[in-house]
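S.K.: Once you've had a glance at the structure underneath, I'll fire off some questions.
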Amino acid sequence: MTLPVTLTIAFEQWSTGYVEPTRTEIHSIEPEYLERNVRDHIQESWQSYAGTAAMPRITREIERQGIQATGIFSGIAVERYPRECEAFAATGSEIAGHSYAQDIRAFKLTRPEERENILKTSALIEGIAGKAPVGWLNPGAQSSDNTRE
């Protein structure tokens, strides 16, 4: 018996200084301090782990297994970790766009803003993968009325 499996890797990054309160149980800094630009080192560490440890491990395992995956990458992840993204693409895996940053939500953007978000992210991906993204998935799978256009 053969069982087909699709392996999808989300390499998500948030804008600098952004703390996503609904995604983690770790609230180390109260909002009033964040508003005063007190850094949240736990959130920063949590985000950097993806690029410095997780993606290299995932890429090595994909190579070891001789398989391909689909990566859905934030544009800012490509900027912050270009070597790790290039290594992933070099496995023969494909990359889809996933907004410039995880906190940029399509339904909150104007049509021109959303278009710029998609074009900027797509250009970053093409720059490291050598080809355009294979598709697009908005953060939270929440598109706008304009996304498909």
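The values are calculated or read from the model by the stated rules, or taken from the named source; none is laboratory data. Keep in mind the model is a prediction, meaning the values are calculated, not measured. Note that each Cβ is placed from the backbone with ideal geometry, even for glycine, and that neighbours are counted across all protein chains shown. The accessibility values were calculated without ligands, DNA or RNA, using every heavy atom of the protein model including side chains. Shrake-Rupley method; radii C 1.70, N 1.55, O 1.52, S 1.80 Å.
S.K.: How many percent of the accessible area of the chain is carbon or sulfur, using a 1.4 Å probe?
M.R.: Heavy-atom surface of the chain belonging to carbon and sulfur, 1.4 Å probe: 51 percent.
S.K.: Label-point separation (nm) for residue 36 and residue 148, each offset 7 Å from Cα along Cα-to-Cβ?
M.R.: Those two pseudo-labels are separated by 4.9 nm.
S.K.: Grab the DSSP H runs of the chain that are 4 residues or longer, score each as -39,500 (n - 2.57), total them, divide by all residues and round the 222 nm result to the nearest 500 deg cm²/dmol. Spell out each step's value before the answer.
M.R.: Numbers: 6 runs with 58 residues, N = 149.
For the chain, the value works out to -11500 deg cm²/dmol.
S.K.: Across segment 88-94, in residue order, what do the Karplus-derived ³J(HN,Hα) couplings come to in whole Hz, using 6.51 cos²θ - 1.76 cosθ + 1.60 with θ = phi - 60° and x for Gly and Pro?
M.R.: Couplings: 4, 4, 5, 6, x, 6, 9 Hz.
S.K.: Continuing with the same structure: Given the options 134, 78, 38, which has the most mean-square fluctuation in a GNM of the chain, springs set between C-alpha atoms less than 10 angstrom apart?
M.R.: 38
S.K.: Looking at the chain as a GNM with Cα springs under 10 Å, which of 128, 72, 42 has the largest mean-square fluctuation?
M.R.: Its mean-square fluctuation being the largest, the pick is 42.
S.K.: Mind checking the per residue accessible area of segment 29-138 for me, 1.4 Å probe, whole number of Å²?
M.R.: Accessible area per residue: 55 Å².
S.K.: If you take mean projected area of the Cα convex hull in nm² from the coordinates, which of (1) 10.0; (2) 8.5; (3) 10.7 do you get?
M.R.: (3)
S.K.: Turning to a different aspect of this structure: Quick query: amide H of residue 71 versus all other amide H atoms, modeled in the peptide plane; which residues come in under 5 Å with a sequence gap of 5 or more or a different chain?
M.R.: So residue 71 has HN proximity to 9, 94, 95, 96.
S.K.: So how much accessible area does residue 58 have, in Å² to the nearest 10, using a 1.4 Å probe?
M.R.: The accessible area of residue 58 comes to roughly 50 Å².
S.K.: Taking H as built 1.01 Å from N, whose amide H comes closer than 5 Å to the amide H of residue 136, not counting residues under 5 places away?
M.R.: For residue 136, whose amide H was placed from the backbone, the distant partners under 5 Å are 97.
S.K.: So what does residue 149 come to for accessible area, using a 1.4 Å probe and Å² rounded to 10?
M.R.: 150 Å²
S.K.: Rank these residues by their accessible area, most exposed first, probe 1.4 Å: 98, 41.
M.R.: 41, 98
S.K.: A follow-up question, please. Could you put 145, 40, 103 in order of accessible surface area, largest first, with the 1.4 Å probe and the full protein assembly present?
M.R.: 145, 103, 40
S.K.: Can you list the GluC sites (Glu not before Pro) in segment 33-71 that are in a DSSP coil and have 12 or fewer other beta carbons within 10 angstrom?
M.R.: Listed in order of number, the matching sites are 35.
S.K.: Rank 107, 55, 138 by how far each Cα sits towards the positive end of the charge dipole of the chain (+1 on Lys, Arg Cβ; -1 on Asp, Glu Cβ) and give me just the farthest.
M.R.: Projecting each Cα onto the dipole axis, the largest value belongs to 55.
S.K.: Place a +1 charge on the Cβ of each Lys and Arg in the chain and a -1 charge on the Cβ of each Asp and Glu, then give the dipole magnitude about the Cα centre in debye, rounded to the nearest 20.
M.R.: 360 debye
S.K.: Most fluctuating residue of 96, 132, 54 in a GNM of the chain with Cα springs under 10 Å: which is it?
M.R.: Result for the chain, Cα springs under 10 Å: 54 fluctuates most.
S.K.: Now, a different point. For 124, 119, 3, give me the order by solvent-accessible area with a 1.4 Å probe, most accessible first, ignoring ligands, DNA and RNA. Display every interim value, and only then the final one.
M.R.: On the way: 124 45, 119 85, 3 130 Å².
The most accessible residue leads, giving 3, 119, 124.
S.K.: Follow-up. Where in the chain is the longest stretch that carries no trypsin sites (Lys or Arg not before Pro) classed as loop by DSSP and with at most 13 other Cβ atoms within 10 Å?
M.R.: Between the exposed loop sites, the longest stretch runs 40-130.
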